[in-house]
Amino acid sequence: MLYCPKCKKLYNDGTERCTCKNKKLKPVTHKNTPVTVCEVSGVDRERVRAALEDAAIPSYEIKKKSISYEPITGGDIADVYVVVPYQAYEKAYDICVGIGVINPDDNSVETEEVLKDINSKKSDFDKNADDFMEMSSSKRTLVRIVSGVLLIAVFCVFIWGVDYLIELIKGLL
């Protein structure tokens, strides 16, 4: 599998150059190689970002060369490429199809070949699966609640400790 180092789009092995500025393609050699899962703008950017975040898939955006209306609208509505690690491409693609950002009928055979290639290489990339464990949404919610309670407890202990020290100092004077 090959990808463009500029826009991070995936291509099958028969392609030599990317459509963006005719860049030479490089092979995907690592499971964390950043690749583009979709191209979005406006409200879809927020939908994709939120969906990938909920699925615990790390992602970032690469802005395309286009006009930004941020000073007028208060938000950037420019087109961007959403980039994810190669090992998470299949899951991110399914999420984007699920929220309606990608229409699977409009995609070329190339996308199907990319997904097949990812499935064939999964065993190679899953060798380090012990390093990364996905957290279920219920477990993530529990961790957030416990973290919030512990933060409140730390603040209370700090405030009570300061009050105790002030009363102790007052008693000495």
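Any read-out appearing in this document is the output of simple, stated calculations on the displayed coordinates, not a laboratory observation. Model, not experiment: these values are computed from the prediction. Note that each Cβ is placed from the backbone with ideal geometry, even for glycine, and that neighbours are counted across all protein chains shown.
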FRET efficiency, Asn22 to Ile62 (Cβ-Cβ, R0 22 Å, nearest 0.05): 0.80
Violating pairs (Cα-Cα greater than 28 angstrom) within the set Lys6/Lys139; Lys9/Lys139; Lys8/Lys139; Lys26/Lys91: Lys6/Lys139; Lys9/Lys139; Lys8/Lys139
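What's the ranking of 36-46, 51-61 by average number of surrounding C-beta atoms within 10 Å, highest first? Could you put the intermediate results ahead of the total?
Working: 36-46: 17.2, 51-61: 15.5.
Output ranking for 36-46, 51-61: 36-46, 51-61.
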